[in-house]
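Just below is one structure, and these are the notes that go with it.
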Amino acid sequence: GKNCIICQRVTIGHGRETIIGDNVMIGSNAYIAPGVRIGNNVKIGANAVVLKSIKKNSTAVGIPAKIVKK
């Protein structure tokens, strides 16, 4: 995606297609599982483990990552 900020030590899974939308911010040490789709305007907190797709205009945090704000 365009205008993405991916902080240090982020792991993005490979194998199946992982799609990251526009204006996404991924915090330090986050993990994005293979095949996950991240919508536009999403924020993912530091140390989050994203196992499911996240819809646009959301904020997700935790292990496993849960949406805390839409």
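Table for the structure above
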item	result
Label-point gap, in nm, between Arg9 and Ser28 - each point 7 angstrom along Cα→Cβ	0.7
DSSP bridge orientation in the chain - percent antiparallel, rounded to nearest 5	20
Residue-span extension gain [Asn41 to Ser53] - 0.36 nm each, minus C-alpha spacing	3.0 nm
Residue-by-residue Karplus 3J(HN,Hα) for the stretch 38-44, coefficients 6.51, -1.76, 1.60, Hz, glycine and proline x	10, x, 6, 6, 10, 10, 10
Which labelled figure in (1) 25, 64, 11; (2) 18, 52, 29, 1; (3) 16, 44, 33, 7 is P(r) over Cα pairs in 10 Å bins from 0, in percent, once derived from the coordinates	(1)
Packing-based order for 39-50, 10-21, 59-70, using average beta carbon neighbours within 10 Å, highest first	39-50, 59-70, 10-21
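Here, each number is a calculation from the coordinates, and none is a lab measurement. Everything numeric here is computed off the predicted structure, so don't read it as measured data. Ideal geometry is used to build each Cβ from the backbone, glycine not excepted, and the neighbour counts take in all protein chains shown.
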